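Input: a single structure, listed below in structure tokens.
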């Protein structure tokens with residue numbers, strides 16, 4: 001024997017019927033906190049802020065790459081001159 005019961009009620013009514021707590025205020029507070037953290041994180045990845053933070057280290061890396069490149073090129077030129 002099977003019984004099938006349809007109950008129409010809102011989520012709030014179902015929680016109240018089963019004696020569960022209303023967590024909506026807590027959910028709103030947590031979502032507001034998450035939204036604020038996301039806005040702060042997004043502000044940190046704006047192009048101007050990225051260049052301000054990464055620019056000096058990127059330029060230093062580029063300078064090191066140039067030194068290595070020119071050092072290698074100079075070394076090749078010196079070896080060629082010694083063979084002549």
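Values in this text are rule-based calculations from the coordinates and carry no lab data. Small disclaimer: the values here were computed from a predicted structure and weren't measured. When we count neighbours, we look across all protein chains shown, and the Cβ atoms used for this are built from the backbone with ideal geometry, even at glycine.
Observations
- Structure-derived percent of Cα pairs over 14 Å apart: which label, when the choices are (i) 66; (ii) 57; (iii) 82: (iii)
- Tilt relative to the chain, helix 47-83 - C-alpha long axis, 0 to 90 degrees, to 10: 30 degrees
- Full extension of the chain between residue 58 and residue 16 yields a length gain of 9.3 nm, computed as 0.36 nm times the residue separation minus the alpha carbon distance.
- Calculated FRET value between residue 65 and residue 45, using beta carbons and R₀ = 22 Å, to 0.05: 0.30
- Between the Cα long axis of helix 24-43 and the first principal axis of the chain there is an angle of about 10°, rounded to the nearest 10.
- Here the spin labels are modelled as points 7 Å beyond Cα on the Cα-Cβ line, and at residue 2 and residue 34 they lie 3.7 nm apart.
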